[in-house]
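Below is one structure, written out as structure tokens; comments come after it.
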Amino acid sequence: MDNSGLAFEAAEILTRKDGIHAVTRTIGKVKITDVRITSAAAVRTGKRAGRYITLEGEPSAAGMTALFRRALMQVIPPRGRLFAAGLGNPDITQDSLGAEAVRTMSARRGRRYSLSAIETDVAVRTGLDTARLVKAAAHELNADCVIAVDALACHDPSYIGRTVQISDAGIIPGGGAGEARGELSRGRLGVPIAAVGVPTVSALSSVTGKRADKLFLVTASDIDVVVKMWAEVIGGGIQGLIN
């Protein structure tokens with residue numbers, strides 16, 4: 001599947017007999033796809049085994065924040081200390097989703113959950129491996145769950161800015177741009193992880209059909225607005241858990 005971060009793009013190609021089970025329904029103007037990938041299918045698809053819930057629609061769609069929150073609750077513990085990590089480079093618009101989402105949050109303690117959050121930036125500037133940084137911070141905070149927010153890549157450019165994916169399978173920071181470092185997974189962190197991502201780029205080859213163009217990325221002309229809108233949906237959905 002090359003570098004696409006969207007599991008349901010794999011589900012569109014493979015079938016249940018291949019170890020992928022997908023269920024789709026629509027609520028209002030939001031299409032929800034729940035994909036489960038087995039360990040056997042993970043080898044064929046290049047996706048980690050686990051559950052991937054995708055909400056497809058505009059970030060401004062009615063009820064999107066509530067639907068996102070409901071989907072997120074499917075992959076996190078029923079209560080505990082949540083630690084949100086905003087991944088990516090905040091100075092590059094199409095990679096700033098994590099930072100923008102975290103900036104909409106505030107540390108709080110509620111009846112079921114408490115919330116802490118950081119922006120990780122990128123290792124090339126901080127000198128710190130992102131996965132190690134998140135692991136150390138989660139350990140220090142005694143977190144019960146990590147929510148990692150990052151920008152993704154997709155194959156079909158029509159999904160740029162129109163999809164948010166929530167997964168319990170972990171995430172590899174920088175993986176969509178071909179700059180993968182250490183993974184963030186339950187196995188590495190020692191606690192459940194919810195990986196949240198929105199596709200903000202696609203390979204140029206998806207548009208031109210030329211293999212050589214896969215080294216170049218394309219994005220939407222209004223990606224700055226799209227990123228901020230999704231950041232508000234994600235931040236609002238996470239913050240809404242703290243009541």
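Both radii come from the Cα set of the chain: Rg as radius of gyration, Rh as Kirkwood radius; their ratio Rg/Rh reads 0.94. Let me know the shape class of the range 53-156, please: from the alpha-carbon gyration tensor, a ≥ b ≥ c as square roots of the eigenvalues, rounded when a/c is under 1.5, otherwise prolate if a/b is greater than b/c, or oblate. Taking the square roots of the gyration eigenvalues as a ≥ b ≥ c, the range 53-156 is oblate. Checking the a/c ratio against 1.5 first, then a/b against b/c, what shape does the Cα gyration tensor give for the range 118-178? It comes out oblate by the Cα gyration axes. Within the listed set Ser205, Ser167, Ser116, the residue fluctuating most in the Gaussian network model of the chain (springs between alpha-carbon atoms under 10 angstrom) is Ser205.
Return one whole number: the accessible area per residue of the chain in Å², for a 1.4 Å probe.
47
When shorter helices are ignored and each DSSP H run of at least 4 residues is given -39500 (n - 2.57), the per-residue value for the chain at 222 nm works out to -7500 deg cm²/dmol. Taking a quarter of the surface of the Cα convex hull of the range 137-243 gives a mean projected area of 7.8 nm². Result for the chain in a Gaussian network model with C-alpha springs under 10 Å: among Ala169, Ala153, Ala62, the largest mean-square fluctuation is at Ala62.
For Leu217, the amide hydrogen comes within under 5 Å of the amide hydrogens of Leu204, counting only partners 5 or more places away or on other chains and with H modelled in the peptide plane.
The values are calculated or read from the model by the stated rules, or taken from the named source; none is laboratory data. Please read all numbers here as calculations on a predicted model, not as lab measurements. Surface areas here come from the heavy atoms of the whole protein model, side chains and all, with no ligands, DNA or RNA. Shrake-Rupley method; radii C 1.70, N 1.55, O 1.52, S 1.80 Å.
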